[in-house]
1. With the condition kept exactly as written, say whether any residue in region 196-216 is part of a loop (DSSP other than H, G, I, E, B), at pLDDT 95 or above and within 19 Å of Val37 (Cα to Cα).
2. Out of (1) free of Cβ contacts under 8 Å to residues at least 60 places away in the same chain; (2) within 30 Å of Asp92 (Cα to Cα); (3) among the hydroxyl-bearing types (Ser, Thr, Tyr), what's the single condition that is false for Ser140?
3. Could you tell me whether Ser32 is among the polar types (S, T, N, Q) and under 19 Å from Leu231 (Cα atoms)?
4. Within region 1-95, which helices (runs of 4 or more DSSP H) (wholly inside it) include 3 or more residues that are of a type in the set (Lys, Arg)?
5. State the number of residues belonging to region 55-73 that are closer than 18 Å to Glu8 by Cβ and of a type outside the set (A, V, I, L, M, F, W, C).
6. Just give me the residues in region 91-123 being free of Cβ contacts under 8 Å to residues at least 60 places away in the same chain and either touching a Cys at 6+ places or on another chain (Cβ under 8 Å) or not aromatic (Phe, Trp, Tyr) (or both), in sequence order.
7. How many residues are over 15 Å from Pro119 (Cβ atoms) and aromatic (Phe, Trp, Tyr) if we restrict to region 178-204?
8. I'd like the residue in region 69-101 that is farther than 15 Å from Val122 by Cα and of a type in the set (A, V, I, L, M, F, W, C) and, out of all such residues, is modelled with the lowest pLDDT.
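The values are calculated or read from the model by the stated rules, or taken from the named source; none is laboratory data. Everything numeric in this text was worked out from a predicted model, so none of it was measured. Don't worry about glycine lacking a Cβ; one is built from the backbone with ideal geometry, like all the others, and counts go over all protein chains shown.
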Amino acid sequence: MATESHWEREAENWVRWARTPGLDAYWDYGASFFDHVVPMPGGLTLEVGCGEGRVARDLVNRGHRVVAVDSSRTLVSRARDADRAGTYLVADAAELPFPAAAFDLVVAYNSLMDVEDMPAAVAEAARVMSPRGRFCVCVSHPINDAGAFSDPGPDAEFLISGTYFGRRPFEATVERDGLSMTFRGWCYALGDYARALEAAGLAIELLREPTPADVSGQNRRARWRRVPMFLHLRCRRL
């Protein structure tokens, strides 16, 4: 089944998950993306794959004028409910309903690995980006996707038992603090993302492998200081 349909089915679970303070990694990693990867506000900003809208709201709070899109009607509706002044549209990341060069900044925060055709989504981001614009991306780190820790402990070994290379489906159900969320998407190697960017006429100008901020004060993500959980990219036209 298409990943888009999956997110529609999981929409209400995701709203509860994303809006529970401190629950998921966004609370420990989001600030490093906004502070060190995203440029200062300029013209219009597009967020691709906005979900329930937390990234768009954080961009607005930092001065950006944001248009946000998602394939899930329920998630777009919930994003509008949380930000009545915002612009949230139902749209396919691989077929954006905007003219060329309409945005100075395009943001894809943890959405490229959820679309059916990642290279097409990258090409569309490049198409709607202005000549001097930037494309800022957060994805699950390809190393993270390729392996797993051997146990829950902070010093657990990280093992890759399969392969790092090639497009591979991903699905996992996570239960935490009485909430349950099923994630489904695709795993890619770093080279897959690089080739998609190259094909779209984009070059990587900044690459970061952030460590968790541990805003909870509980050191709950200590092992992710040894292995990267996310990959941050800022891209420009070649």
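1. yes
2. Condition not satisfied by Ser140: (1).
3. yes
4. So the answer is 73-82.
5. Final tally of qualifying residues: 4.
6. Matches in region 91-123: Ala91, Ala93, Ala94, Glu95, Leu96, Pro97, Pro99, Ala100, Ala101, Ala102, Asp117, Ala120.
7. 1
8. Ala85
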